[in-house]
Structures are given as structure tokens and as C-alpha cells.
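Here the structure comes first, spelled out in C-alpha cells, and everything after it is commentary.
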Amino acid sequence: MAEDGHKHSRAVSWVAVAIILAGFVLGGIGLILGTWWLFWTALGVVVAGGILAIAIDIFADVELDPLHPGETHVSPIRRELSGGGGSGELEAAPTEPTAASPDIASS
């Protein structure tokens with residue numbers, strides 16, 4: 001934690017972001033100029049930056065907003081490694097109408 005009580009991201013995370021951003025910009029320039037070797041090289045740079053981001057667990061650099069002070073954040077990678085599981089699938093929506101969402105068909 002920083003002195004002000006907020007968790008700040010790591011420098012290596014910003015390096016990964018800069019690599020991905022540079023690859024994206026170079027890829028855009030390659031598309032505009034029609035230089036396909038530059039485009040495909042830039043795509044490789046973006047993929048390499050993404051692999052770096054996953055390898056350094058960039059998702060651990062998240063600060064929850066002050067509206068949810070009691071919640072803790074665990075990155076998806078650390079959750080899987082710790083056996084916390086979670087399939088990542090969304091829960092099914094309720095099928096029964098509630099008072100907050102009245103059934104339109106019955107009115």
C-alpha cells in the first residue's frame with residue numbers, strides 16, 4: 001500500500017501496457033500504409049505484451065472503488081492457483097417475476 005492508503009499498480013504492469021499500446025499503434029500505422037510486414041510484426045508485439053501481462057498477473061493491480069470498502073479483490077489467476085475455483089460462468093437469471101419487475105404479460 002502507498003502512504004495515502006491506496007494500492008498503486010506496479011511499474012512492470014505499465015511496461016506491459018506500454019508494449020501492448022506500442023504494438024497497437026504500429027499495427028494501425030501498418031494498416032494505413034499497407035505495410036503488411038509491419039502490421040503482422042505489430043500483432044506479434046501485442047500478443048507478446050499480452051502474454052507478459054498475464055505472466056506478471058496484471059489483474060492483481062486493481063483498486064476497488066471507495067464505495068465498496070469491505071470487499072477484497074483476488075485476481076482470476078490467483079483464484080485459480082489457490083483452488084478457489086469458479087467457472088467464470090454467469091448465474092442464471094431468475095425466471096419468476098418479482099415485485100421489483102412485474103410480469104408485463106399479466107397486466
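For this structure, a couple of remarks:
- Unique match (being more than 27 Å from Arg10 (Cβ to Cβ) and in contact (Cβ under 8 Å) with a residue 12 or more places away in the chain) among Phe39, Phe59: Phe39
- Test: Ile32 is closer than 30 Å to Val62 by Cβ, aliphatic (A, V, I, L, M), out of contact with any helix residue (DSSP H, G or I) (no Cβ under 7 Å at 6 or more places or on another chain) and without any contact (Cβ under 8 Å) to a residue 12 or more places away in the chain: no
- Filter result for Gly70 (assigned to a loop (DSSP other than H, G, I, E, B), in contact with a helix residue (DSSP H, G or I) (Cβ under 7 Å, 6 or more places away or on another chain) and at pLDDT below 95): no
The values are calculated or read from the model by the stated rules, or taken from the named source; none is laboratory data. Predicted model, so just to flag it, every value in this text is computed and none were measured. With ideal geometry, Cβ positions are generated from the backbone for all residues, glycine too; neighbour counts draw on all protein chains shown.
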